[in-house]
Amino acid sequence: MRKKLTAYRHAVWDWNGTLLDDTWLCCEALNQLLSAEKRPRLETERYRQIFEFPAIKVYEKLGFPIAGGNFEALSARFMDAYENQKSKCVLHSQAMEVLNRLSGHGLSHSILSAYEHRLLEQTLTNHDVAHHFVKISGSGDIYAGSKEERARAHLDDLAHKPDEVVYIGDTAHDLDAAKAMGADCILIAHGYQHRDNLEGLGARVVDSFEELLKEI
């Protein structure tokens, strides 16, 4: 039997793509790199079909040279393009309602993100949501690598057992992070990865926050 959301005591959230609707911007930033190399641009749906963690695999799929410092240079250019327009991003529809409703049922919240930590904190402040989270854990770099090791440390810092925690994300790697914690996972198919990439992984998949609100 599926556990009710309100039966958990804590929710660990991914940020980009899950709470923040920025998939379109990631696609646009990548398209700027593709255009500079005179490569075909990607539609957002195609981006969602090929995206995966670590992000270096996306560059490999698209044929970018990544050796000899090229990946690091591409990542820096990508981040510049992303940061220049991130103020245009908004939270996904009903994201705040889900947070508030779960809080009303006694759940606390934290964020585990592949986004660089300083930029993550800045963005949370800009969206006036930082106060909702008892712990904010971003990456130590801009390269969007694995979150699994940090997931274990993240759980260690929380006063909760794994079976009291639900992890909510938008990619297959969020399930990897949840497994590293020993926590249940819900994947929302409105972010970086298409639903086809999320089905069959062993996690519950929903299309939007509206589905979650129906059971809170």
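The values are calculated or read from the model by the stated rules, or taken from the named source; none is laboratory data. If you're wondering where the values come from, they're calculated on a predicted model, not measured in any experiment. Heads up, the Cβs are rebuilt from the backbone with ideal geometry, glycines too, and the neighbour counts pull from every protein chain shown.
Before moving on, here are some points about what is shown:
- No other residue among V166, V205 is β-branched (V, I, T), in contact (Cβ under 8 Å) with a residue 60 or more places away in the chain and touching a strand residue (DSSP E or B) at 6+ places or on another chain (Cβ under 6 Å) apart from V166.
- Residues of segment 18-51 satisfying the condition of being crowded, with 17+ Cβ neighbours inside 10 Å and among the charged types (D, E, K, R): D21, D22, E28, R48
- Considering each residue of segment 169-183 in turn, at least one proves to be modelled with pLDDT of 95 or more, in contact with a Lys or Arg (Cβ under 8 Å, 6 or more places away or on another chain), under 18 Å from L20 (Cβ atoms) and of a type in the set (D, E).
- Filter result (in a helix (DSSP H, G or I) and closer than 14 Å to C27 by Cβ) within segment 62-86: F78, A81, Y82, Q85, K86
- Filter result for R101 (among the basic types (K, R), farther than 26 Å from H132 by Cα and assigned to a helix (DSSP H, G or I)): no
Results for (1) at pLDDT below 95; (2) more than 16 Å from the chain's Cα centre (by Cα); (3) among the aliphatic types (A, V, I, L, M), shown as yes or no for each residue.
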residue: L112; (1), (2), (3): no, no, yes
residue: L119; (1), (2), (3): no, no, yes
residue: T125; (1), (2), (3): no, yes, no
residue: H132; (1), (2), (3): no, yes, no
residue: K135; (1), (2), (3): no, no, no
residue: L158; (1), (2), (3): yes, yes, yes
residue: Y167; (1), (2), (3): no, no, no
